[in-house]
1. Under 6 Å between Cβ atoms, which residue pairs at least 6 apart in sequence (or on different chains) link something in the range 16-38 that is hydrophobic (A, V, I, L, M, F, W, C) with a partner that is at pLDDT 80 or above?
2. So which of R7, R61, R53 is at pLDDT below 95 and among the basic types (K, R)?
3. Could you please tell me which pairs satisfy a Cβ distance under 6 Å, a separation of 6+ or placement on different chains, a first residue in the range 58-82 that is within 22 Å of A13 (Cβ to Cβ), and a second residue that is in a loop (DSSP other than H, G, I, E, B) and aliphatic (A, V, I, L, M)?
4. Taking the range 43-98 only, how many residues are loosely packed, with under 15 Cβ neighbours inside 10 Å and basic (K, R)?
5. If I ask for residues that are farther than 18 Å from L19 by Cβ, among the hydrophobic types (A, V, I, L, M, F, W, C) and touching a residue at least 12 places away in the same chain (Cβ under 8 Å), which ones from the range 83-100 would you list?
Amino acid sequence: MTMTPDRARSLLAEIQARLEAQAPAQEASAGGGDAVAHRLAVATEERRVFNLRRVRLALERLAAGEFGYCQSCGEDIAPERIEADPLAPTCGGCAAQRAL
């Protein structure tokens, strides 16, 4: 891992704050009566909650000294992947295998 723990902690805190600042999408579209808008709001809120969970798990990996290491194979996660998605728990190879 080339990202320092302090940089990772700062980046994760920034992502977490941004997600927590977002109003739950279901409330934002309440009362509209539009089924499509409601489904979109529900999906948006589910994604927000999912990403908050990913942040929590990344912070746990950081505290345990496991941040930047693939949770599947144990190898280093490429610095480019961590920069692109600091919440990624796996290396690119394992992510690609999982997608198959």
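The values are calculated or read from the model by the stated rules, or taken from the named source; none is laboratory data. Treat the numbers as computed from the prediction; the structure is a model and nothing was measured. So basically every Cβ, Gly included, is an ideal-geometry build from the backbone, and we count neighbours across all protein chains shown.
1. L19/R48; L19/N51; L19/L52; A25/A41; A25/T44; A25/E45
2. R7
3. A58/L87; G68/M1; G68/I77; R81/A88; I82/M3
4. Looking only at that region, the number is 4.
5. Correct list: C91, C94.
For every residue, the table says whether it meets (1) β-branched (V, I, T); (2) in a helix (DSSP H, G or I).
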{"position": "V36", "(1), (2)": "yes, yes"}
{"position": "R39", "(1), (2)": "no, yes"}
{"position": "R61", "(1), (2)": "no, yes"}
{"position": "E66", "(1), (2)": "no, no"}
{"position": "Q71", "(1), (2)": "no, no"}
{"position": "E80", "(1), (2)": "no, yes"}
{"position": "A88", "(1), (2)": "no, no"}
{"position": "R98", "(1), (2)": "no, yes"}
